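The values are calculated or read from the model by the stated rules, or taken from the named source; none is laboratory data. All figures in this text were calculated on a predicted structure; none of them were measured in a lab. Note that we place each Cβ from the backbone using ideal geometry, even for glycine, and neighbour counts take in every protein chain shown.
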Amino acid sequence: MQRPQIRLFVLDMEPMEPPRGKTLFELLWDDHLVADMGDGNGLIAIDRVLLHERTGGVALQGLEKAGRTLLDKSQVFATMDHIVDTLPGRSDVTQMPTGTAFITATRAGAHDAGITLFDLGDPRQGICHVISPEQAIVLPGLTLVCPDSHTGTQGAIGALAWGIGSSEAEHAMATGTLRVKKPGTMRVTVRGTLGAGVTAKDLALHLLARLGAAGASGFSVEFAGEAVTGLDLAGRLTLCNMATEMSAFGALIAPDAVVIDYLKGRPFAPRGGEWDLAVADWARLKSAPDAMFDRDVMVDGSEVAPMVSWGTSPQQVAPVDGIVPEFDSVAHRETREGYDRALAYMAVTPGERLDALPIDAAFIGSCTNSRLPDLRRAADVVRGHKVAAGVRAICVPGSGAVRAAAEAEGLDQVFLDAGFEWREPGCSMCFFAGGESFGPQARVISSTNRNFESRQGPGTRTHLAAPEVVAASAIAGHIADARLLAPFSEAH
């Protein structure tokens with residue numbers, strides 16, 4: 001019997017490349033992708049929703065009016081932080097004319113919905129991006145959204161966190177999902193170590209000077225490298241917080257022992273066997289060695305100096321011992337109109353030394369720099385000194401827990417003895433919402449994240465810096481490098 005012929009076909013094809021590993025962002029995105037909506041959009045499962053009184057009451061009222069209920073009330077949390085007064089003895093009455101209504105509406109909505117509320121008087125109350133990691137509401141591998149632009153702060157825990165609007169908050173609470181345009185991926189690797197007296201805030205401002213305020217637009221940023229993993233958790237939160245000022249969708253740092261040690265035993269963290277299972281799962285939350293990013297940026301940590309802003313955008317910064325730059329040196333990221341407008345608003349001139357600028361006020365606080373390590377470092381600077389005559393200095397802890405821990409260490413007395421005001425937790429004068437203000441044309445050095453025109457009050461001029469620089473400047477009466485504190489000690 002004749003055997004059938006076997007025909008061989010040789011196809012002229014390029015060899016297929018093995019699939020590459022995923023970035024941390026891609027891992028988190030794929031873990032939460034409910035459906036591909038097309039056109040680069042995905043329906044993403046939302047694990048946590050965080051609200052505050054400026055927008056939270058609106059979102060809760062919107063759900064109620066639409067006759068919708070929360071899918072899982074145990075995963076929704078609210079705090080009072082944006083509009084509340086931070087003065088001692090505060091109440092629902094605020095300096096913002098309509099502030100009380102925001103507070104009472106959020107309280108009523110939270111009680112009706114049955115969600116966890118960190119109300120005034122609750123020792124857990126504080127700024128949303130401070131209390132969420134502090135309470136372990138945010139955990140590695142989760143998705144978390146909040147109607148606040150700096151929600152990406154919490155990506156320092158290894159979570160996919162981003163800011164949304166009030167209507168999106170309603171959708172997330174009712175359905176547990178959101179339609180999201182998938183951003184690109186960007187890795188910022190900071191090699192080596194930061195120098196003595198150089199902080200995560202300085203690194204963030206250095207990156208803004210290099211990349212610009214739109215440098216991460218359309219990207220989820222992952223921070224990596226020895227200088228990043230060498231930061232404590234407070235520093236990592238600061239760095240991710242400032243990614244918002246680069247227009248990033250959000251920011252990420254892969255969770256490690258620093259994160260795990262921080263979260264263990266906190267109120268909303270898993271316990272017992274669930275904790276062990278969670279930690280085992282978190283070990284996979286890192287970018288693969290062969291993962292490809294849409295953009296890679298390399299930074300030498302040793303080149304970062306203590307920074308301070310000179311203009312009205314976070315990208316308008318220079319070393320604290322430097323000068324207001326000439327236009328030609330920043331023309332790659334500035335328009336002539338924007339540059340000239342910033343000079344006029346801030347009343348500075350090209351070539352003027354930044355550390356010679358006198359200040360009227362100093363502010364330590366905000367979701368950027370109000371955690372216990374921030375306050376410790378600032379207290380080390382002011383200890384034994386006095387705030388300069390004519391300077392108003394304010395320190396606002398980021399949460400009730402931070403305040404209590406600081407007071408247990410005597411940090412409150414260090415600030416009070418130096419002439420600082422010691423406040424209740426909240427956003428305070430990070431931004432002006434019709435309440436407290438430093439006043440027109442007051443020059444303020446601030447540990448906050450934004451220095452836009454009138455950000456801290458109509459006409460107020462804000463210089464961004466790390467808490468140490470703010471503290472040193474309060475003592476000197478002008479912008480000052482905290483590394484040169486010894487002359488202040490001799491003068492006082």
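So M298 ticks every box in (1) assigned to a strand (DSSP E or B); (2) under 30 Å from R341 (Cβ atoms); (3) of a type in the set (A, V, I, L, M, F, W, C) but one. Which box is left unticked?
(2)
Looking at P97, P123, P133 in this structure, which one is farther than 23 Å from D30 by Cβ and modelled with pLDDT under 95? Walk me through it before giving the result.
Values: P123 fails: modelled with pLDDT under 95; P133 fails: modelled with pLDDT under 95.
Matching residue, one of P97, P123, P133: P97.
If I filter the stretch 195-214 down to residues being within 23 Å of S366 (Cα to Cα) and part of a loop (DSSP other than H, G, I, E, B), which single residue comes out as modelled with the lowest pLDDT? Explain how you work it out, then say what you get.
To start, the set of residues in the stretch 195-214 that are within 23 Å of S366 (Cα to Cα) comprises 197-209, 212-214.
Going one step further and asking which of them are part of a loop (DSSP other than H, G, I, E, B), we end up with 197-199, 212-214.
Values: G197: 94, V198: 97, T199: 98, G212: 97, A213: 98, A214: 97.
Within the stretch 195-214, the match that is modelled with the lowest pLDDT is G197.
Out of A389, A442, A408, A418, report the one residue that is out of contact with any Pro (no Cβ under 6 Å at 6 or more places or on another chain) and under 24 Å from I83 (Cα atoms).
One residue alone meets the criteria, A442.
Which residue out of A393, A378 is closer than 21 Å to L485 by Cβ, of a type in the set (G, A, S) and assigned to a strand (DSSP E or B)? Step through it out loud before you land on a result.
Numbers: A378 fails: assigned to a strand (DSSP E or B).
Residue meeting the stated conditions: A393.
Can you find even one residue in the stretch 126-135 that is part of a helix (DSSP H, G or I), of a type in the set (D, E) and either within 20 Å of P373 (Cβ to Cβ) or free of Cβ contacts under 8 Å to residues at least 12 places away in the same chain (or both)?
First pass over the stretch 126-135, keeping only residues part of a helix (DSSP H, G or I): 128-135.
Those still in the list that are of a type in the set (D, E) too: 134.
Next, from what is left, pick out any that are either within 20 Å of P373 (Cβ to Cβ) or free of Cβ contacts under 8 Å to residues at least 12 places away in the same chain (or both): 134.
Within the stretch 126-135 (the criterion being part of a helix (DSSP H, G or I), of a type in the set (D, E) and either within 20 Å of P373 (Cβ to Cβ) or free of Cβ contacts under 8 Å to residues at least 12 places away in the same chain (or both)), the answer is yes, since at least one residue qualifies.
Within the stretch 10-110, which strands (runs of 3 or more DSSP E) (wholly inside it) include 2 or more residues that are surrounded by 13 or more Cβ atoms within 10 Å (Cβ to Cβ) and of a type in the set (V, I, T)? Outline the logic, then answer.
Numbers: elements: 33-38, 41-45, 48-52, 76-79.
In the stretch 10-110, 76-79 are the strands (runs of 3 or more DSSP E) which contain 2 or more residues that are surrounded by 13 or more Cβ atoms within 10 Å (Cβ to Cβ) and of a type in the set (V, I, T).
Looking only at the stretch 346-360, count how many residues are in contact (Cβ under 8 Å) with a residue 60 or more places away in the chain and surrounded by fewer than 17 Cβ atoms within 10 Å (Cβ to Cβ).
The total comes to 3.
Might you let me know whether the stretch 382-390 holds any residue that is farther than 23 Å from Q125 by Cα, at pLDDT 95 or above and not in a loop (DSSP other than H, G, I, E, B)?
There is at least one residue in the stretch 382-390 that is farther than 23 Å from Q125 by Cα, at pLDDT 95 or above and not in a loop (DSSP other than H, G, I, E, B).
Quick check: is even one residue across the stretch 331-338 of a type outside the set (V, I, T) and under 23 Å from A474 (Cα atoms)?
No; the residues of the stretch 331-338 include none that is of a type outside the set (V, I, T) and under 23 Å from A474 (Cα atoms).
Of everything in the stretch 222-252 that's over 13 Å from the mean Cα position of the chain (by Cα) and closer than 30 Å to G40 by Cα, which residue is surrounded by the most Cβ atoms within 10 Å (Cβ to Cβ)? If you could, list the steps in order and put the result at the bottom.
Initially, the stretch 222-252 is screened for residues over 13 Å from the mean Cα position of the chain (by Cα), giving 222-232.
The next check asks that each one be closer than 30 Å to G40 by Cα; those that pass are 222-225.
Details: E222: 26, F223: 29, A224: 20, G225: 18.
Per the criteria, the residue is F223.
Among the residues of the stretch 393-433, write down those that are of a type in the set (A, V, I, L, M, F, W, C), touching a His at 6+ places or on another chain (Cβ under 8 Å) and at pLDDT 95 or above.
Within the stretch 393-433, A418, C427 qualify.
S167 passes all but one of (1) among the hydroxyl-bearing types (S, T, Y); (2) within 16 Å of the chain's Cα centre (by Cα); (3) assigned to a helix (DSSP H, G or I); which number fails?
Condition (2) is where S167 drops out.
Please find, among A269, A288, A305, A248, the residue that is closer than 17 Å to F219 by Cα and outside any helix (DSSP H, G or I). Even if it seems obvious, please write down each step before you answer.
Values: A269 fails: closer than 17 Å to F219 by Cα; A288 fails: closer than 17 Å to F219 by Cα; A305 fails: closer than 17 Å to F219 by Cα.
The unique qualifying residue is A248.
Among the candidates S473, S437, S454, single out the residue that is in contact with a strand residue (DSSP E or B) (Cβ under 8 Å, 6 or more places away or on another chain) and of a type in the set (G, A, S). Spell out the reasoning first.
Values: S437 fails: in contact with a strand residue (DSSP E or B) (Cβ under 8 Å, 6 or more places away or on another chain); S454 fails: in contact with a strand residue (DSSP E or B) (Cβ under 8 Å, 6 or more places away or on another chain).
Only one candidate qualifies: S473.
For the stretch 170-194, give me each residue that is polar (S, T, N, Q), outside any strand (DSSP E or B) and either within 30 Å of E303 (Cβ to Cβ) or under 20 Å from the mean Cα position of the chain (by Cα) (or both).
From the stretch 170-194, those polar (S, T, N, Q) are 175, 177, 185, 189, 193; that's our starting set.
Right, trim to outside any strand (DSSP E or B) and you get 175, 193.
Within the stretch 170-194, just T193 meets the criteria.
I'd like to check which strands (runs of 3 or more DSSP E) are fully inside the stretch 398-492 and have at least 1 residues that are in the same structural domain as R376 (by TED's automatic domain parsing), in contact (Cβ under 8 Å) with a residue 24 or more places away in the chain and under 28 Å from G338 (Cβ atoms). Explain how you work it out, then say what you get.
Working: elements: 420-422, 443-446, 461-464.
Here the list reads 443-446, 461-464.
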